[in-house]
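Colleague: Before I ask anything, let me first share the structure, which is written out below as structure tokens.
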Amino acid sequence: LAKTTQPISMDSYEGQEVNITCSHNNIATNDYITWYQQFPSQGPRFIIQGYKTKVTNEVASLFIPADRKSSTLSLPRVSLSDTAVYYCLVGRGGSQGNLIFGKGTKLSVKP
Amino acid sequence: DSGVTQTPKHLITATGQRVTLRCSPRSGDLSVYWYQQSLDQGLQFLIQYYNGEERAKGNILERFSAQQFPDLHSELNLSSLELGDSALYFCASSHEQYGYTFGSGTRLTVV
């Protein structure tokens, strides 16, 4: 499983766009990139998954450059409730194999 | 409600004791995963079961064991408990098509 590197923490203000970048230099051809969100004392929640280029859903966008060695999670107009830890994971798509979590990025949104 | 049910939500026990954590996966999911999350730590993968069989092992101590029953629910047994075993224990289940879903966790406090 490819190792990921992401910032330990980020601060933002309500209404701003937040971009969290994850590096995964050893990503394999079959690997997908998945982001999870975790609130304190709750289980991680799936946010978005992608393989290449750009993916957008009602919550976030995921940008993946052509070399796929990094990816950027974009949260538009964050609110206080977006304060959470965000994890970037790289692995086979679907539900094959266990998820390996890194330290994640602790996002703090201030009023 | 994520569809993954974990019981109990909270558990307080003394050192040296043994406890059992229970997980009911989302309907139709064959895989169950157990994770441990200590204070300010990331999620550590413990073990995975698929349709009753052990599929993968992570950083699981010998004092810990798990099993998945014919009805697909799973139990994580923790014995000879130590103070350092205090943590949140999460269960997740997965489906080939729908990905991973985490439960809300069991908070174990060893005193």
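The values are calculated or read from the model by the stated rules, or taken from the named source; none is laboratory data. Everything quoted here is computed from the prediction, not taken from an experiment. FYI the Cβ positions are ideal-geometry reconstructions off the backbone, even for glycines, and counts take in every protein chain you see. With ligands, DNA and RNA removed, areas are computed over all heavy atoms of the protein, side chains included. Shrake-Rupley method; radii C 1.70, N 1.55, O 1.52, S 1.80 Å.
Colleague: Among (1) assigned to a loop (DSSP other than H, G, I, E, B); (2) more than 26 Å from B:Leu39 (Cβ to Cβ); (3) among the hydrophobic types (A, V, I, L, M, F, W, C), there is one condition A:Leu62 misses while meeting the rest; what is its number?
Modeller: (1)
Colleague: Can you tell me which residue in the stretch A:76-93 is farthest from the other protein chains (Cβ to nearest Cβ), limited to those that are free of Cβ contacts under 8 Å to residues at least 60 places away in the same chain and more than 29 Å from B:Ser31 (Cβ to Cβ)?
Modeller: Only one residue tops the list, namely A:Pro76.
Colleague: Related question: Pull out all pairs, ordered by first then second residue, where Cβ-Cβ is under 7 Å, the residues are six or more apart or on different chains, the first lies in the stretch A:94-111 and is more than 18 Å from B:Leu43 (Cβ to Cβ) and open to solvent by 30 Å² or more (accessible area, probe 1.4 Å), and the second is modelled with pLDDT of 85 or more and assigned to a loop (DSSP other than H, G, I, E, B).
Modeller: Once the first residue is more than 18 Å from B:Leu43 (Cβ to Cβ) and open to solvent by 30 Å² or more (accessible area, probe 1.4 Å) and sits in the stretch A:94-111, its partners that are modelled with pLDDT of 85 or more and assigned to a loop (DSSP other than H, G, I, E, B) give A:Ser108/A:Thr83; A:Pro111/A:Glu14.
Colleague: Please work out which one of (1) over 19 Å from A:Val85 (Cβ atoms); (2) part of a strand (DSSP E or B); (3) not aromatic (Phe, Trp, Tyr) is the condition B:Ser80 fails and give its number.
Modeller: Among (1) over 19 Å from A:Val85 (Cβ atoms); (2) part of a strand (DSSP E or B); (3) not aromatic (Phe, Trp, Tyr), B:Ser80 violates only (2).
Colleague: Would you point out the residue of the stretch A:1-47, among those that are of a type in the set (D, E, K, R) and part of a loop (DSSP other than H, G, I, E, B), that is farthest from the chain's Cα centre (by Cα)?
Modeller: Result: A:Glu14.
Colleague: Looking at the stretch B:87-95, is at least one residue more than 29 Å from A:Lys106 (Cβ to Cβ) and open to solvent by 20 Å² or more (accessible area, probe 1.4 Å)?
Modeller: Scanning the stretch B:87-95, I find at least one residue that is more than 29 Å from A:Lys106 (Cβ to Cβ) and open to solvent by 20 Å² or more (accessible area, probe 1.4 Å), so the answer is yes.
Colleague: Could you go through the stretch B:87-106 and let me know if any residue there is under 15 Å from the mean Cα position of the chain (by Cα), over 18 Å from A:Gln38 (Cβ atoms) and modelled with pLDDT of 95 or more.
Modeller: no
Colleague: What are the residues in the stretch B:1-22 that are open to solvent by less than 30 Å² (accessible area, probe 1.4 Å) and more than 21 Å from A:Gln37 (Cα to Cα), if any?
Modeller: Listed by number, the residues that qualify are B:Thr13, B:Val19, B:Leu21.
Colleague: Follow-up question, since we're still on this one. Where residues in the stretch B:51-67 are surrounded by 13 or more Cβ atoms within 10 Å (Cβ to Cβ), outside any strand (DSSP E or B) and on the phi < 0 side of the Ramachandran plot, which of them is farthest from the other protein chains (Cβ to nearest Cβ)?
Modeller: B:Arg63
Colleague: Of (1) open to solvent by less than 70 Å² (accessible area, probe 1.4 Å); (2) assigned to a loop (DSSP other than H, G, I, E, B); (3) within 11 Å of chain A (Cβ to nearest Cβ), B:Gln48 satisfies all except one. Which?
Modeller: Condition (2) is where B:Gln48 drops out.
Colleague: Still on this structure: Can you find a residue that is closer than 25 Å to A:Val90 by Cβ and surrounded by fewer than 21 Cβ atoms within 10 Å (Cβ to Cβ) anywhere in the stretch B:68-85?
Modeller: Checking the stretch B:68-85: not a single residue is closer than 25 Å to A:Val90 by Cβ and surrounded by fewer than 21 Cβ atoms within 10 Å (Cβ to Cβ).
Colleague: Taking the stretch A:48-59 as the region of interest, how many residues are part of a strand (DSSP E or B) and open to solvent by 70 Å² or more (accessible area, probe 1.4 Å)?
Modeller: 3
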